[in-house]
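Here the structure is laid out as structure tokens; the discussion comes afterwards.
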Amino acid sequence: MTEKPVLSTRFLIRAAWAIMLVVSMLPNALLHELAGGAPAWLGWAKIGLLATLTVTALFWQTLRPLRNFILLLLAIFVIEMLVGMLTGSALWQGWFGGADAPFTSSMLGIQLGRLIVSLLMIGVLMLVGYRRAGFFLTRGQLDAPITPVRWLGFPKPDPWTSFGGQFALYISLGTLLFLILGGRPTPAALLGALPMLPAVLLFAAMNAFNEEMTYRASLLAGLEHVTGPRQALWLTAVFFGLGHYFGVPYGVIGVVMATFLGWMMGKAMLETRGFFWAWFIHFLQDVLIFSFMAIGSITPGG
């Protein structure tokens, strides 16, 4: 009597992985490396596939449990496409400028666009029927016990107030070392970027919220009760990691680092049933990354 549910769960896990990988940045990265770039229609093809699967899940009972996950992926792609049209418009560029604009104004435009995506995703989640706690938009139990991670040196169910703070410190020091070795900022650049620190903190807070809401909380909500929390955690972590292939650092190293961070932040959401620790850890990393972006925007004598 239990064989059919087990087989069904295995199918759903495999289907979720296949769907996630096909619509992730993996095809873009492969085409970039093998063919010099991805075709312009690839994004539309992903939207078409997700739309087809959403309709299919309405009629195919075996796939139906993944309906919300597929629908939320489709929402991410469609909303990002529409918001991209807005942020690429002459009006938006006139307000915030493009890539050649000063760091603070261009980054403000980017983060406001991402905030619109996040707010619309919250709306989609609520329309689908999720409550805020169902997609982790609560503080959560900050001192919830962790599931032990022996290979990270935490063999006991320590509270997140201990583990989260220590992990955030260690990973931030590692990120800082990586950025210093890669960027080697001069004292003049550091001093020149100092007035941008309030803006850096604001952008880091916004970006951490936007990415955690759009790419983690929403997808965990759609997967957790279908594939189980362990598979949901790895699915969202790999999707997040692949999304950073063209980020900083670039390539496979960036994917591995972002996947690890995504796994830890997803673990925080699932174990505390809330947003705080995932947002806080992400926020600290973004403070460092955006600080070095600000430093890099300082021109000699500027």
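The values are calculated or read from the model by the stated rules, or taken from the named source; none is laboratory data. Computed from a prediction, not measured in an experiment: that's the story for all the values here. Neighbour counts run over all protein chains shown; Cβ positions are idealised from the backbone, glycine included. These accessible areas exclude ligands, DNA and RNA; they are computed on the full protein's heavy atoms, side chains included. Shrake-Rupley method; radii C 1.70, N 1.55, O 1.52, S 1.80 Å.
Results, tabulated for the structure shown:
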| item | result |
| --- | --- |
| Positions within the stretch 27-41 being exposed (fewer than 14 other Cβ atoms within 10 Å of the Cβ) and aliphatic (A, V, I, L, M), in sequence order | Leu30, Leu34, Ala35, Ala40 |
| Hits in the stretch 87-109 (condition: more than 18 Å from the chain's Cα centre (by Cα) and within 17 Å of Met206 (Cβ to Cβ)) | Thr87, Trp92, Trp95, Phe96, Phe103, Thr104, Ser105, Ser106, Leu108, Gly109 |
| Residue within the stretch 19-27 that is modelled with pLDDT under 95, among the β-branched types (Val, Ile, Thr), out of contact with any helix residue (DSSP H, G or I) (no Cβ under 6 Å at 6 or more places or on another chain) and under 14 Å from Leu223 (Cα atoms) present | no |
| Any hit, the stretch 183-203, residues being of a type outside the set (Val, Ile, Thr) and under 17 Å from the mean Cα position of the chain (by Cα) | yes |
| Complete set of residues in the stretch 167-190 that are touching a residue at least 60 places away in the same chain (Cβ under 8 Å) and hydroxyl-bearing (Ser, Thr, Tyr) | Ser172, Thr175 |
| Filtered residues of the stretch 180-221 (kept if over 30 Å from Trp234 (Cα atoms) and basic (Lys, Arg)) | Arg184 |
| Filter result (more than 30 Å from Ala16 (Cβ to Cβ), open to solvent by 40 Å² or more (accessible area, probe 1.4 Å) and either in contact with a Gly (Cβ under 7 Å, 6 or more places away or on another chain) or not polar (S, T, N, Q) (or both)) within the stretch 81-109 | Leu86, Gly88, Ala90, Leu91, Gly94, Trp95, Ala99, Asp100, Pro102, Leu108 |
| Top-ranked residue of the stretch 219-249 - restricted to ones that are within 16 Å of the chain's Cα centre (by Cα) and of a type in the set (Ser, Thr, Tyr), ranked as surrounded by the fewest Cβ atoms within 10 Å (Cβ to Cβ) | Tyr245 |
| Residue check for Leu190: at pLDDT below 85 and in contact with a helix residue (DSSP H, G or I) (Cβ under 8 Å, 6 or more places away or on another chain) | yes |
| First in the stretch 153-164 and under 11 Å from Leu142 (Cβ atoms), second anywhere and open to solvent by less than 60 Å² (accessible area, probe 1.4 Å) and small (Gly, Ala, Ser), Cβ under 8 Å, 6 or more apart | Pro159/Ala144; Trp160/Ala144; Trp160/Ala268; Gly164/Ala268 |
| Residue match in the stretch 59-80 (condition: more than 30 Å from Ser291 (Cβ to Cβ), open to solvent by less than 60 Å² (accessible area, probe 1.4 Å) and out of contact with any helix residue (DSSP H, G or I) (no Cβ under 8 Å at 6 or more places or on another chain)) | no |
| Cross-chain or 6+ apart pairs with Cβ under 8 Å, the stretch 197-212 first and under 14 Å from Phe103 (Cβ atoms), then of a type in the set (Ser, Thr, Tyr) and buried (at least 21 other Cβ atoms within 10 Å of the Cβ) | Leu197/Ser291; Val200/Ser291 |
| Test: residue in the stretch 204-217 that is in a helix (DSSP H, G or I), open to solvent by 10 Å² or more (accessible area, probe 1.4 Å) and under 13 Å from Phe136 (Cα atoms) | yes |
